[in-house]
Amino acid sequence: MSTYNFHGNINGPANMGDHGRIDITHGLNLEGVIQLSEGLLEALRAEYPVLVRHGEIIRGALAESEADGGPPNRGRIRSSLETISIGAAAGTSSLTFVQQLMHVLGL
């Protein structure tokens with residue numbers, strides 16, 4: 001524990017570690033994210049059929065979120081995106097969609 005005396009008000013923004021990430025439950029266009037996931041599925045079917053299952057997991061988590069109104073299962077989505085990014089080569093559409101989804105979801 002630090003004993004440093006700040007000499008004044010130490011209140012700051014509550015989102016210090018947020019760094020501009022968008023919370024899926026506050027302002028993210030879920031419909032747009034679902035469209036990205038559908039683009040990822042199309043790219044996977046064309047480029048990496050063996051990875052389609054992971055794209056379906058992502059799409060399923062987003063559909064579940066859309067149906068119940070809650071946030072998607074970020075752990076499942078992150079895990080599937082990481083698996084796809086390991087298997088997809090640089091410069092492919094599949095990897096581009098993965099990067100876009102990671103950015104939009106703040107993963």
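The values are calculated or read from the model by the stated rules, or taken from the named source; none is laboratory data. Please read all numbers here as calculations on a predicted model, not as lab measurements. Here the Cβ positions follow ideal geometry from the backbone for every residue, glycine too, while neighbour counts run over all protein chains shown. The accessibility values were calculated without ligands, DNA or RNA, using every heavy atom of the protein model including side chains. Shrake-Rupley method; radii C 1.70, N 1.55, O 1.52, S 1.80 Å.
Below is a table of values for the structure above.
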| item | result |
| --- | --- |
| Scope region 24-60; condition crowded, with 19+ Cβ neighbours inside 10 Å and more than 14 Å from V98 (Cβ to Cβ); matching residues | I24 |
| Scan of region 44-66 for residues that are of a type outside the set (V, I, T) and under 12 Å from I34 (Cα atoms), ordered by number | G55, E56, R59, G60, A61, L62, A63, E64, S65, E66 |
| L107 being modelled with pLDDT under 95 and within 13 Å of the chain's Cα centre (by Cα) | yes |
| Enumeration of residues in region 39-55 that are touching a helix residue (DSSP H, G or I) at 6+ places or on another chain (Cβ under 7 Å) and either assigned to a helix (DSSP H, G or I) or aliphatic (A, V, I, L, M) (or both) | G39, L40, L41, A43, L44, R45, E47, L51, V52, H54, G55 |
| Selection count, region 1-23, where residues are at pLDDT 50 or above, at positive phi and open to solvent by 90 Å² or more (accessible area, probe 1.4 Å) | 1 |
